[in-house]
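Participant: Structure in structure tokens, see below.
The values are calculated or read from the model by the stated rules, or taken from the named source; none is laboratory data. The shown structure was predicted, so the numbers you read here are calculated from the model rather than taken from an experiment. Neighbour counts run over all protein chains shown; Cβ positions are idealised from the backbone, glycine included.
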Amino acid sequence: MSLYSWTMDYDRRHFAYLARYNRSANQQLLGHLAVLSASELVKPHGSYYGSIQGILDHAISSDINWLRRFRELFSSDEPLLRSRLLPTGTAWATYTFPHFDDYRRERAVVDAIFEDWVALADTSRFGEILAYTDFRGHPRRYYVRDALDHVFNHQTHHRGQISQILDAMGVANDFSNLTSVAEIPADS
């Protein structure tokens, strides 16, 4: 049995793949971070967002804000109507999680919203233009599929920053293998 039907649209396959990878990489990363103390998570490491927790908070804030933007075009898609995506509208909102376990739970919720939305969305609309005003007040316009590619690439970028910090700390952290969610079982 094949996970994908080759008659399935490319956008759904592509973004389902990236959403699965994103969830898997986040779960693995958070597993590596779980061995650190709260003080190690908030210790400044010279990154733009300061600490590991600062990077995590930025990444999840970005994800939630992108989902809120997508909701403007896909306003009846149930995953984008979930309460976690409040407030309504597209004004930038910042989310912080002072306790790692709270962050870990929230990360799982947001990753599930991405997976559920990609599974249900009318992907024929991913060629539509998503228009919004960014947090600096600049108007922006992107094709939905390009914005989604950015969201998943953005996550990869910040996981890489955290990986570099963990390397410097001597903490094992191999979690970035994209093919880990792409391998086709022998019985397929």
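Participant: Give just the number: which of (1) touching a helix residue (DSSP H, G or I) at 6+ places or on another chain (Cβ under 8 Å); (2) in a helix (DSSP H, G or I) does Tyr142 not satisfy?
Facilitator: Looking at each condition in turn, Tyr142 falls short on (2).
Participant: I've got another one for you. Just a yes or no: is a residue in the range 134-142 touching a residue at least 60 places away in the same chain (Cβ under 8 Å) and among the basic types (Lys, Arg)?
Facilitator: So far as the range 134-142 goes, no, none of its residues is touching a residue at least 60 places away in the same chain (Cβ under 8 Å) and among the basic types (Lys, Arg).
Participant: Go over the candidates Ser47, Ser62, Ser83, Ser39 one by one and state the one that is surrounded by 16 or more Cβ atoms within 10 Å (Cβ to Cβ) and over 24 Å from Arg141 (Cα atoms).
Facilitator: Answer to the check: Ser47.
Participant: Among residues belonging to the range 135-155 that are of a type outside the set (D, E, K, R) and loosely packed, with under 15 Cβ neighbours inside 10 Å, point out the one that is farthest from Asp11 (Cα to Cα).
Facilitator: Filtering first and then ranking leaves Gly137.
Participant: Another question, then. Between Arg159, Arg145, Arg140, Arg136, which is of a type outside the set (A, V, I, L, M), modelled with pLDDT of 95 or more and over 18 Å from the mean Cα position of the chain (by Cα)?
Facilitator: On inspection, the qualifying residue turns out to be Arg140.
Participant: Now, a different point. If you take the residues in the range 164-182 that are without any contact (Cβ under 8 Å) to a residue 24 or more places away in the chain and assigned to a helix (DSSP H, G or I), which one is surrounded by the fewest Cβ atoms within 10 Å (Cβ to Cβ)?
Facilitator: Residue satisfying both the conditions and the ranking: Thr179.
Participant: Does Thr94 satisfy the condition of being touching a helix residue (DSSP H, G or I) at 6+ places or on another chain (Cβ under 6 Å), surrounded by 11 or more Cβ atoms within 10 Å (Cβ to Cβ), more than 23 Å from Tyr48 (Cβ to Cβ) and among the polar types (S, T, N, Q)?
Facilitator: No; evaluated as a whole, the condition is false for this residue.
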